[in-house]
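> Let me give you the structure first, and then I'll get to my questions.
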Amino acid sequence: MLGTVLNSISIILGSFIGVFFGSKFSGSLRDTFYAILGTFAIFMGIGMFLESENAIVCLTSLVLGTFIGEVTRLEEKVESAGARVISFSARFYGTTRQEESDQQRMIKGFVTASLFFVTGPVGILGSFQSGLSGKFDLLIMKSLLDGITSVVFASVMGIGVAFSALPVLVYQGLLTLFSRPFHAFLSDAMVSELTGTGGILLGMIGISSLLGLKKIRVSSAIPAIFLAPLMMWFVERFA
């Protein structure tokens, strides 16, 4: 768990650095940061997707996962969670009420950063490594990357980014605690499809939240991450 705790702390520290010193960044510099992170997310997502050995599994998982997400109104629930975060984070600004634009910016920061930090394969593999061997080299590397990224995110999207440390702590913490049964269940092929599907989600984040090229309800597609290994398990045994 130590690696995951350090990862969460790095996000919080990076976010506060971004919030308090972000005002020194010019508007053009922030736009450039957005473009860099968006482009990085897309290419990182492509790299992850190339690890997939069965693109049909990824596609089917995304279609079914998005359908489940839309039926259960997952996007609205995630944004609602972000809104509750805003009511707490307002005290950092010394106010009890914020402008609507500020609230939306902070919700966007919470949702975007949460998705960005939890969908990558390093968190999954690092959590397994920590739970099975007690080592957390991968999570240390992820902590450094997430800390730097959170500085940039928070400079643009505000204090909401800091609260993305909570889903990271819960998600990676659970993977670490239950790594042994998960490791026994997940084959290499199942991990590959999970990684490939997560890569597509990262690309969607880059296109929608960071580059703003097209509005995509990325949160609705989150169930696809869990469907991908299950579908690959079915393919391995029955196809």
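The values are calculated or read from the model by the stated rules, or taken from the named source; none is laboratory data. Just so you know, these numbers come straight off a predicted model, no measurement behind them. Neighbour counts run over all protein chains shown; Cβ positions are idealised from the backbone, glycine included. When the accessible area is computed, the model is the full protein with side chains, heavy atoms only, and any ligands, DNA or RNA have been set aside. Shrake-Rupley method; radii C 1.70, N 1.55, O 1.52, S 1.80 Å.
> Just for the range 9-57: of the residues that are in a loop (DSSP other than H, G, I, E, B) and touching a residue at least 12 places away in the same chain (Cβ under 8 Å), which one is surrounded by the most Cβ atoms within 10 Å (Cβ to Cβ)?
This residue is S52.
> Where residues in the range 114-130 are buried (at least 24 other Cβ atoms within 10 Å of the Cβ) and more than 24 Å from G158 (Cα to Cα), which of them is modelled with the lowest pLDDT?
By that ranking, first place goes to G126.
> Considering only helices (runs of 4 or more DSSP H) fully contained in the range 137-189, which possess at least 1 residues that are buried (at least 23 other Cβ atoms within 10 Å of the Cβ)?
In the range 137-189, 137-157, 165-177 are the helices (runs of 4 or more DSSP H) which contain 1 or more residues that are buried (at least 23 other Cβ atoms within 10 Å of the Cβ).
> Report the residue count in the range 58-113 for those that are farther than 23 Å from G206 by Cβ, open to solvent by less than 40 Å² (accessible area, probe 1.4 Å) and modelled with pLDDT of 65 or more.
Residues meeting the conditions: 0.
> Going through the range 208-232 one residue at a time, which ones are at pLDDT 85 or above and surrounded by 17 or more Cβ atoms within 10 Å (Cβ to Cβ)?
Correct list: S220, A221, P223, A224, L227, A228, P229, M231, M232.
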